[in-house]
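The values are calculated or read from the model by the stated rules, or taken from the named source; none is laboratory data. Just so you know, these numbers come straight off a predicted model, no measurement behind them. Here Cβ is always computed from backbone atoms with ideal geometry, including for glycine, and neighbour counts include all displayed protein chains. Side chains are part of the model used for accessible areas, which takes the heavy atoms of the whole protein and leaves out ligands, DNA and RNA. Shrake-Rupley method; radii C 1.70, N 1.55, O 1.52, S 1.80 Å.
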Amino acid sequence: KNPLALVYPDDLPVYQAHLAAVLAGQSDVVEFRIIAQDGDVRWVRDYARPVWDEAAGRVVRFYGAAQDITERRHAEEEVKRLNQDLERRARELAALNQAGRAITSTLKLEAVLKLVISEVKSLLNVEGTSVLLRDPSSDELVFAASTGAGSEGLVGTRIPITVGIAGWV
């Protein structure tokens, strides 16, 4: 069977460059995917060392070994995913920390709310955020702070507590 048929199609250029380097007389190590007989895609680390024949002026054979590194690659991918998750959580904690500092830095509710909604907007990567507070005397929700397009006129707007998702929440 043609060895190129075993190489995962996206990795053919990597394998061909590896083969060209070895045929040019260079030792080479490369990682690429293959399609196993059972159809599974496996990662392989291939080591190749050519034997150059001066009289013939070419590589006459090469020594090599292939190592199945599928589990290692999967573990690396999982570590990468976990690192991305940790980075996301670190950004979330930094935003919460910033909001916490804002809350403790001033007694002015308006300033605290502006900073909090700014941090939440950034953290959630959304176009706008609002904070509604319950007015116990009227049993209404009042927009206390808002960001995003069209939010300028929202602050101070009152809605019945029984209306919409905000009222349900």
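Looking only at region 89-114, how many residues end up being under 17 Å from Thr147 (Cβ atoms) and out of contact with any helix residue (DSSP H, G or I) (no Cβ under 6 Å at 6 or more places or on another chain)? So the count comes out to 5. Restricting region 133-145 to residues that are farther than 15 Å from Glu110 by Cβ and open to solvent by less than 40 Å² (accessible area, probe 1.4 Å) leaves a set whose member that is modelled with the lowest pLDDT is Asp135. Has region 146-163 got at least one residue that is free of Cβ contacts under 8 Å to residues at least 60 places away in the same chain, hydrophobic (A, V, I, L, M, F, W, C), farther than 22 Å from Arg89 by Cα and crowded, with 18+ Cβ neighbours inside 10 Å? Looking for residues that are free of Cβ contacts under 8 Å to residues at least 60 places away in the same chain, hydrophobic (A, V, I, L, M, F, W, C), farther than 22 Å from Arg89 by Cα and crowded, with 18+ Cβ neighbours inside 10 Å, one finds none in region 146-163, hence no.
Filtering region 156-169 to residues that are modelled with pLDDT of 85 or more and out of contact with any helix residue (DSSP H, G or I) (no Cβ under 9 Å at 6 or more places or on another chain) leaves Gly156, Thr157, Arg158. Every condition in (1) under 27 Å from Arg89 (Cβ atoms); (2) open to solvent by less than 40 Å² (accessible area, probe 1.4 Å) holds for Ser130 except the one numbered (2).
Residue count for region 1-32 under the criterion of being among the basic types (Lys, Arg) and either touching a Leu at 6+ places or on another chain (Cβ under 8 Å) or within 21 Å of Arg73 (Cβ to Cβ) (or both): the result is 0.
Please verify whether Gly148 is on the phi < 0 side of the Ramachandran plot and not β-branched (Val, Ile, Thr), treating the condition exactly as stated. Criteria not met by Gly148. When Gln16, Gln84, Gln67 are checked against the criterion of being within 30 Å of Leu123 (Cβ to Cβ) and either in contact with a helix residue (DSSP H, G or I) (Cβ under 6 Å, 6 or more places away or on another chain) or exposed (fewer than 14 other Cβ atoms within 10 Å of the Cβ) (or both), Gln84 stands alone in meeting it. Out of curiosity, is Arg81 assigned to a helix (DSSP H, G or I) and closer than 23 Å to Trp43 by Cα? Yes, satisfied.
I'd like to check something: does region 46-59 contain any residue that is part of a helix (DSSP H, G or I), touching a residue at least 24 places away in the same chain (Cβ under 8 Å), out of contact with any Lys or Arg (no Cβ under 9 Å at 6 or more places or on another chain) and of a type in the set (Gly, Ala, Ser)? Break it down into steps so the answer makes sense when it comes.
Within region 46-59, the first condition is being part of a helix (DSSP H, G or I), and the residues that meet it are none.
Among the residues of region 46-59, not one is part of a helix (DSSP H, G or I), touching a residue at least 24 places away in the same chain (Cβ under 8 Å), out of contact with any Lys or Arg (no Cβ under 9 Å at 6 or more places or on another chain) and of a type in the set (Gly, Ala, Ser), which makes the answer no.
Every condition in (1) in contact with a Phe, Trp or Tyr (Cβ under 8 Å, 6 or more places away or on another chain); (2) of a type outside the set (Gly, Ala, Ser); (3) open to solvent by 60 Å² or more (accessible area, probe 1.4 Å) holds for Arg45 except the one numbered (1). For region 25-37, the set of residues classified as without any contact (Cβ under 8 Å) to a residue 24 or more places away in the chain and open to solvent by 60 Å² or more (accessible area, probe 1.4 Å) consists of Ser27, Val29, Gln37, listed by residue number.
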